[in-house]
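A.B. asks: My questions all concern the structure below.
Nothing in this text is a laboratory measurement; each read-out follows from the coordinates by a stated rule. For clarity, every value in this text was computed on a predicted model and none was experimentally measured. Neighbour counts run over all protein chains shown; Cβ positions are idealised from the backbone, glycine included.
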Amino acid sequence: MRNALGLMLASVGAAVVIAAVWYWTSSPRVELAAPGTVSAPLAERLAAATPGKALAARDDVATTAASPEKPVAPPQKSACANPDALGVARVVVIDTTGGPGFGFEHFKQLDFLADKEVVLTFDDGPWPGNTPAVLKALDDECTKAVFFPIGKHATYHPEILKQVAAAGHTVGAHTWSHANLNTKKMTEQFAKDEIEKGYSAVKLALGAAPSPFFRFPELQHGPAAMAYLASRNVAIFSCDLDSFDFRAKNPEQIINTVMTKLDKQGKGIILMHDFQKHTAEALPALLRRLKAGGYKVVQMKAKAPLQTLAEYDEALIKEMKVPVASTRPVSSVVQTVSE
Ligand SMILES: [Zn+2]
């Protein structure tokens, strides 16, 4: 009896030891933990180490301790906190040479989305309340979108546009003042001014160059502006699927429009507006519906940023009466000639 009990205890002990060894050495677990956590900023690591995430926190320690010889990886965003998130299924990089067009409503050449793939796009921001709410909804689902801000709005709310870029979304532009570039009296010069000033405003707000992605206001593709954008190697975005969120009476209407069209078409670039309150309200539920429907988000990024034109950058800074932030070192501006 005593022997039997001893044998049982020994077996249990052995099992515990085996389980522990397996737990600490299991290689997939180590691989998964390594990239996102070793170099995560302190705040993110603290956020991850909540009681519910104790396992993840323990993995960090094991990974770090087990491989002290590993070089420190460059900073990366921590893994998605939502295990059931919509996420990003695929990231594509766009070579914008020659101004390719996207969105089957106007451009049929580049059919790059697979069945059930969608691209989320938002126009007309940045705007207080609505844009931050859109950003939160996207962040909660660990997913990414393309934003087409209006230049003027970017100058009103640069701090919000900075948040859009900081969250890892792609930022293009949508003209300076949302002018229709397809009217009869449209001149090449006016179209150029609207486009370039819009980009310069986005750059001024971000403190960084925007992506060479453009969406025409009201999807009005003027021929002069089209030719100009092609010469600037800017990709033109129409859409596959218009949410018509700007005329929706409530958030539900937006969700229904998008899901009905999407279930019919099977995939597409979705046009929405982070400027619109109903869109911001609809987005959490809409993203859940996309996930439930088996849709996958593709993020579009530009191969290279857009070089804004210095004359427009300078004119805008003057117009905005922004104090010019000199990039020259003090010693090149102020020189001591006698002491
Ligand atoms: Zn617009």
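A.B. asks: Relative contact order of the stretch 133-239: what whole-number percent is it, with Cα pairs under 8 angstrom and at least 6 residues apart?
C.D. replies: 29
A.B. asks: Moving on. May I ask you to derive the relative contact order of the stretch 100-185, considering only C-alpha pairs under 8 Å and at least 6 residues apart, and to give it as an integer percent?
C.D. replies: Rounded, it is 28 percent for the stretch 100-185.
A.B. asks: Note down the relative contact order for the stretch 204-274 as a percent, whole number, built from C-alpha pairs under 8 angstrom at least six residues apart.
C.D. replies: Computed over the stretch 204-274, the figure is 31 percent.
A.B. asks: Relative to the Cα centre, what is the charge dipole magnitude of the stretch 109-220, using +1 at the beta carbon of each Lys and Arg, -1 at the beta carbon of each Asp and Glu, and rounding to the nearest 20 debye?
C.D. replies: So the magnitude is around 380 debye.
A.B. asks: On a full-extension model of 0.36 nm per residue, what is the gain between residue 190 and residue 227, subtracting their alpha-carbon distance, rounded to one decimal in nm?
C.D. replies: The span from residue 190 to residue 227 would gain 12.0 nm if fully extended.
A.B. asks: Go through 330-339, 231-240, 148-157, 82-91 and give me the packing order, highest mean Cβ count within 10 Å leading.
C.D. replies: 148-157, 231-240, 82-91, 330-339
A.B. asks: Rg(Cα) of the stretch 177-294 divided by 2.2 N^0.38 Å?
C.D. replies: The stretch 177-294 yields a ratio of 1.23.
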